[in-house]
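J.: What follows is a single structure, and I will ask about it in a moment.
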Amino acid sequence: MVYIICSYFSPIVHYLNALEVKLKLKYTIAEKKTHKAKRTYIIHMDKSTMPSTFNDHLSWFDSSLKSVSASAEILYTYKNIAHGFSTRLTLQEADTLGKQPGILSVIPEVRYDLHTTRTPQFLGIDKATTLLPASDQLSQVIIGILDTGIWPELKSLDDTGLGPVPSTWKGVCETGNNFNSSNCNRKLVGARFFSKGYEAALGPIDEKIESRSPRDDDGHGSHTLTTAGGSAVAGASLFGLASGTARGMATQARVAAYKVCWLFGCFSSDIAAGFDKAIEDGVNILSMSIGGSLLDYDRDIIAIGAFSATAHGILVSASAGNRGPNEGSVTNVAPWLTTVGAGTIDRDFPAYISLGNGKIYTGASLYNGKSLSDSPLSLVYSGNVSNSSVGYLCVSDSLIPSKVSGKIVVCERGGSSRVEKGLVVKSAGGVGMILVNSEEYGEQLIYDAHLIPAASLGQKSGDALKNYVFSDPNPTAKLAFGGTKLQVQPSPVVAAFSSRGPNALTPKILKPDLIAPGVNILAGWTGEVGPSGLSIDQRHVSFNIISGTSMSCPHVSGLAAILKGAYPEWSPAAIRSALMTTSYTTYKSGETFQDGATDKPATPFDYGAGHVDPVAALDPGLVYDANVDDYLDFLCALNYTSLEIKIATKRDFTCDSRKKYRVEDFNYPSFAVPLETASGIGGGSNAPCTVQYSKTLTNVGTPGTYKASVSSQITSVKIVVEPEVLSFTELYEKKSYTVTFTYTSLPSGTTSFANLEWSDGKHRVVSPIAFSWT
């Protein structure tokens, strides 16, 4: 079984971690007792080969299935992202079916898991009234969210001032447990749920703990949906933190919820069905904060679904993942996906830890309850007040009450949920907690709505604090909480958790594409669980603050909706290009963004083209456009067979043997340039090595003459742009150019970077160039 990693640091993950053993047991029982050795498969059929003896394709599907299993039933049929169906089969049955005529592929189910008030001001949307599309234009745009559903009572879904639902909308408001058709309105225009794959794998949904309906029991879906397109809500906050007017990126856009994720994961057959219906319903933008292990494009249901959506003119944005700062950890790398990493904004929630030796450290916390005494309290290290070998992790029942009572406890991160550690401290009589990072987590701080006074510290400060506890005979500390702090600089900083390039699947495509706000984002929340996600947490909130690339993704989805409203005729690639080439990578001082993991300058492998700038994106000047034919050529460049292309794209296409296909000719807005090392250059001689990329720019602004300029960190690689000047006289006029990279040797290290800029004096069309070698 392949597992897809959560793209956000949701409090509900605490709950899921606690249920991990239960999940594995439940899955094993379901497999052995209920389904024996069966699992779910997605079956791709060759539409053109249906025998004439069948009157319709459903009959053909059923006959093909019954030929290998008399008891198997069809879970879903697909018509947009694939021509086929999903079902439960044994391995032997799946092998037999795969050998039948008309069967393109039999793909095993993949289990997936899930990967604001300040951001409109931070992004400058509140000041861009002259450039934003008219509200009636934006209200024709529909954003679909593939996620955990929606909590429909949220004020963020108020439809006041919105006109009739767009006539293009074909979706519905499905009913189910705790959800009826009246839960939708002119803002939330549709809601569906897809549970057949989930229930086939794990058995019937327990409606005591989750709703078999579009209702969101997790919080993640409500958060991402309201971030993308929530209406403005005055007086929003989390316990007074981040107070202000909460609004989504595209407040006038319509939203639709597709619940494909449940408390125990998201299954590919359900995700495929969600894609299929979203395309059929008529969404314009699809947002999915789901990601995971890299799979070939013809095996990855997210890539397959996103291709069909793109072919229907739908931009699909996806989270890059939370495996940073590990190199090559980025997921969702298909070039028809807009892949979004995470950065900070200029808002923080500091906590101050004052030690008895006079040292003061700044940590992080969303605690906003009763404060501790102003007097110093005794400070103990969890590993020294426990009878357990893992007591330093503050796991359940690991602390000795007589040694903890009335004291602040230092706990190590890992092993159990962060908020739950505080409850372990409380149950042992402790009054506060300081959660310190190990080397594994570095300086990455996660802000939690703790149930006791608690704060998190990065590794460096945590190590210093522990040294104090270990060396002082009577260590003490005070905890104070700073509330909401604005105008925090530097910002943005690339989030330490945000997944990084290079692109391990297709190294010549730079991913992530860009970054957007993804740290401490306030947005709508479910009424089912508290902000910590723990069952003991009875606090109910309408808004919650969480972090992850799951939060940055819907920011871009909403901004893409704004561009779609302004330019309805633009393709998904044109919208992505506008967002990428107008992004920025430096602070006002001219210094490059910091990497939150190292405090050193970040690189395009961290932030892609840069941090999104929606105001500039509304007037990009030029774009790098691409269509279905370009994507087919891209797959040919990767040596995909006709069968593999048909599975990935649902198209009959054969690569032309007379044509030379190259990824270097794919019209992407950024450059990833893998270089050969010295042993491979010129066959071992001193002959120069040359790599050439070709691109095409489309004018989407006024006529103008653009001049190319290159800035580079690497002097040993000569970069030549031909021609250096491009003149455009008409709207949508296209002009091509080449970039040639020539080198005879490479410096020490493994990466270097450059930028290519086209400018007419008003517009700056900037593409990052990321070199890599080993």
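J.: Within region 721-750, how many residues turn out to be under 35 Å from the mean Cα position of the chain (by Cα) and at pLDDT 95 or above?
T.: Total meeting the criteria: 12.
J.: On to the next question. Being acidic (D, E) and outside any helix (DSSP H, G or I) is the filter here; which residues of region 263-297 pass it?
T.: D296
J.: Is it the case that P204 is in a loop (DSSP other than H, G, I, E, B) and either at pLDDT below 95 or surrounded by 15 or more Cβ atoms within 10 Å (Cβ to Cβ) (or both)?
T.: no
J.: Restricting attention to region 369-384, which residues are among the hydroxyl-bearing types (S, T, Y) and part of a strand (DSSP E or B)? First the steps, then the outcome.
T.: So in region 369-384, the residues among the hydroxyl-bearing types (S, T, Y) come out as 371, 373, 375, 378, 381-382.
Listed by number, the residues that qualify are S378, Y381.
J.: If we scan region 219-227, do we find a residue that is open to solvent by 60 Å² or more (accessible area, probe 1.4 Å), assigned to a helix (DSSP H, G or I) and of a type in the set (G, A, S)?
T.: no
J.: When region 334-361 is examined, which residues are found to be open to solvent by 10 Å² or more (accessible area, probe 1.4 Å), in contact with a helix residue (DSSP H, G or I) (Cβ under 8 Å, 6 or more places away or on another chain) and hydroxyl-bearing (S, T, Y)?
T.: Y361
J.: Turning to a different aspect of this structure: Taking region 149-173, which residues are charged (D, E, K, R) and either surrounded by 19 or more Cβ atoms within 10 Å (Cβ to Cβ) or touching a Ser or Thr at 6+ places or on another chain (Cβ under 6 Å) (or both)? Talk me through it step by step, then tell me what you get.
T.: Going residue by residue through region 149-173, those that are charged (D, E, K, R) are 153, 155, 158-159, 170.
Once the filter is applied, which keeps residues that are charged (D, E, K, R) and either surrounded by 19 or more Cβ atoms within 10 Å (Cβ to Cβ) or touching a Ser or Thr at 6+ places or on another chain (Cβ under 6 Å) (or both), region 149-173 yields only D158.
J.: Give the residues of region 228-251 that are in a loop (DSSP other than H, G, I, E, B) and under 23 Å from the mean Cα position of the chain (by Cα), sorted by residue number.
T.: Hits for region 228-251 are G230, S231, R247, G248, M249, A250, T251.
J.: While we're here: Which residue out of A449, A464, A428 is closer than 14 Å to A364 by Cα and open to solvent by less than 50 Å² (accessible area, probe 1.4 Å)?
T.: A449
J.: So E676 passes all but one of these: (1) open to solvent by 60 Å² or more (accessible area, probe 1.4 Å); (2) at pLDDT 95 or above; (3) not in a strand (DSSP E or B). Which condition number does it fail?
T.: (2)
J.: Name the residues in region 554-606 that are hydrophobic (A, V, I, L, M, F, W, C) and modelled with pLDDT under 95, would you?
T.: A597
J.: Please determine whether any residue of region 298-320 is farther than 28 Å from C636 by Cβ, open to solvent by 10 Å² or more (accessible area, probe 1.4 Å) and assigned to a loop (DSSP other than H, G, I, E, B). Write out each step before concluding.
T.: Taking region 298-320 and keeping what is farther than 28 Å from C636 by Cβ, we get 319.
When the remaining residues are screened for being open to solvent by 10 Å² or more (accessible area, probe 1.4 Å), the result is none.
Looking for residues that are farther than 28 Å from C636 by Cβ, open to solvent by 10 Å² or more (accessible area, probe 1.4 Å) and assigned to a loop (DSSP other than H, G, I, E, B), one finds none in region 298-320, hence no.
J.: Determine which single condition G291 fails, assuming it passes every other condition in (1) open to solvent by less than 10 Å² (accessible area, probe 1.4 Å); (2) among the small types (G, A, S); (3) modelled with pLDDT under 95; (4) out of contact with any His (no Cβ under 7 Å at 6 or more places or on another chain).
T.: So G291 meets the others, but not (4).
J.: On to the next question. Taking region 586-628, which residues are among the hydroxyl-bearing types (S, T, Y) and either crowded, with 22+ Cβ neighbours inside 10 Å or farther than 27 Å from G458 by Cβ (or both)?
T.: Y607, Y624
Conditions (1) over 17 Å from S319 (Cβ atoms); (2) touching a Pro at 6+ places or on another chain (Cβ under 7 Å), marked per residue:
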| site | (1), (2) |
| --- | --- |
| V340 | no, yes |
| R347 | yes, no |
| A351 | yes, no |
| S354 | yes, no |
| N357 | yes, no |
| T362 | yes, yes |
| S365 | yes, no |
| K370 | yes, no |
| D374 | yes, no |
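J.: Working carefully through the options G305, G282, find the one that is over 22 Å from A334 (Cα atoms) and at pLDDT 95 or above.
T.: Details: G305 fails: over 22 Å from A334 (Cα atoms).
Selected residue: G282, the only one of G305, G282 that is over 22 Å from A334 (Cα atoms) and at pLDDT 95 or above.
The values are calculated or read from the model by the stated rules, or taken from the named source; none is laboratory data. Here the structure is a predicted model, which is why all the values come from computation and not from measurement. Every residue, glycine among them, receives a Cβ derived from its backbone with ideal geometry; neighbour counts consider all protein chains shown. We work out accessible area using only protein heavy atoms, side chains counted, and drop any ligands, DNA or RNA first. Shrake-Rupley method; radii C 1.70, N 1.55, O 1.52, S 1.80 Å.
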